[in-house]
């Protein structure tokens, strides 16, 4: 198991980073919240979780340990895979997710693409007691970056599995209403609209 990875960012997108660690480039899947905390070409340390499948070894990284812990809780729920957990963590902050689960806010969880009523209820049933027993998660403040573009947001949303045509329409509407929107803001609004 790889507990963390530390190195220089070689490439950064809203869905993954490539980290140069001792001359080896590791592709690490990330959430939008982690993306917003990383600065390009700087040294970074990500808390990681390795998922080994028959056809791939997938590394997931998180800027905050609390986000990694929530990811592990989410993938422990039947029917919630790593891709869905990353999508949930990209749509809401760890604190918002925790509060939604504790307060049994099915509608907030259902507002996330790919989460239906049954999945939202299952997440709440499986995780509510665990979250109430131990408060491992602290609220996170996400700082948006201003030097991002429409293309990065589109690319990230397409990588998350959304149709390019539909996504482009939604992104164009978001940019039309706020020309100064960061890539993080565009993606979060698009995830709610799609």
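Restricting 148, 179 to those that are in contact with a helix residue (DSSP H, G or I) (Cβ under 9 Å, 6 or more places away or on another chain), outside any helix (DSSP H, G or I) and modelled with pLDDT under 85 reduces the list to 148. The helices (runs of 4 or more DSSP H) found wholly in the stretch 59-125 and carrying at least 1 residues that are in contact with a strand residue (DSSP E or B) (Cβ under 6 Å, 6 or more places away or on another chain) and without any contact (Cβ under 8 Å) to a residue 40 or more places away in the chain occupy 65-75. In the condition set (1) exposed (fewer than 14 other Cβ atoms within 10 Å of the Cβ); (2) out of contact with any helix residue (DSSP H, G or I) (no Cβ under 9 Å at 6 or more places or on another chain), residue 18 is compliant with all but (1).
For residue 118, state whether it is at pLDDT 85 or above and farther than 24 Å from residue 62 by Cβ. Considered against the rule, which asks whether it is at pLDDT 85 or above and farther than 24 Å from residue 62 by Cβ, residue 118 comes out as yes.
Is it the case that some residue within the stretch 37-46 is touching a residue at least 40 places away in the same chain (Cβ under 8 Å) and in a strand (DSSP E or B)? Yes: one or more hits.
Of all residues in the stretch 47-58, those satisfying the criterion of being over 15 Å from residue 4 (Cβ atoms) and assigned to a strand (DSSP E or B) are 51, 52, 57, 58.
The values are calculated or read from the model by the stated rules, or taken from the named source; none is laboratory data. Every value quoted in this text rests on a predicted model; they were computed, and no experiment measured them. Cβ coordinates were reconstructed from backbone atoms using ideal geometry, including for glycine residues, and neighbour counts include every protein chain displayed.
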